[in-house]
Amino acid sequence: MIKTWNQRVWELVRGIPRGRVASYGQLASMLGQPRKARHVGYALHQTPEELILPWHRVINGRGKISFPDYTQQYLLQKAMLEAEEISFQSDDRIDLKVYGWHPSNQ
DNA sequence: CTGGTGACGTCTT
DNA sequence: GAAGACGCCACCA
């Protein structure tokens, strides 16, 4: 059975370790498709209810949560990240220390 | 097959 | 910086 794009995205997101984050663009690049950042987001949007993923560890290329500010989803994602001791700066960007996860550098 | 829809990114004002 | 235009194309109806 050939893997769909969505399935490959889900597998990659599943591998993001606790306490680290990656951007949509980075994940797309890891799949060899640097221009499909948007589809990484779309894939997560399509995640089935029964599939548990650390989706909150995926943020946008500017280091911010990619939901409109102060929506329920935005607040949920921020809370889940803070629960993993991921810190936010005053401008709501993620600390550079945890931004930029890549499989090859753990 | 066709078209609408985007958890994005990059370039241009 | 900010804001807008535009490219990208997998998925679903």
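Each reported figure results from applying straightforward, stated rules to the coordinates on display, with no laboratory input. Bear in mind the structure is a predicted one, so any value in this text is a computation, not a measurement. All Cβ positions, glycine included, derive from the backbone under ideal geometry; neighbour counts span all protein chains shown.
A few points about this structure:
- Meets criteria (within 23 Å of A:Asp95 (Cα to Cα) and within 12 Å of DNA strand B (Cβ to nearest atom)) for A:Leu12: no
- Exactly one residue out of A:Gln73, A:Gln26, A:Gln7 is among the polar types (S, T, N, Q), in contact (Cβ under 8 Å) with a residue 40 or more places away in the chain and in a helix (DSSP H, G or I): that is A:Gln26.
- Residue in segment A:29-39 that is surrounded by 11 or more Cβ atoms within 10 Å (Cβ to Cβ), within 11 Å of DNA strand B (Cβ to nearest atom) and among the small types (Gly, Ala, Ser) present: yes
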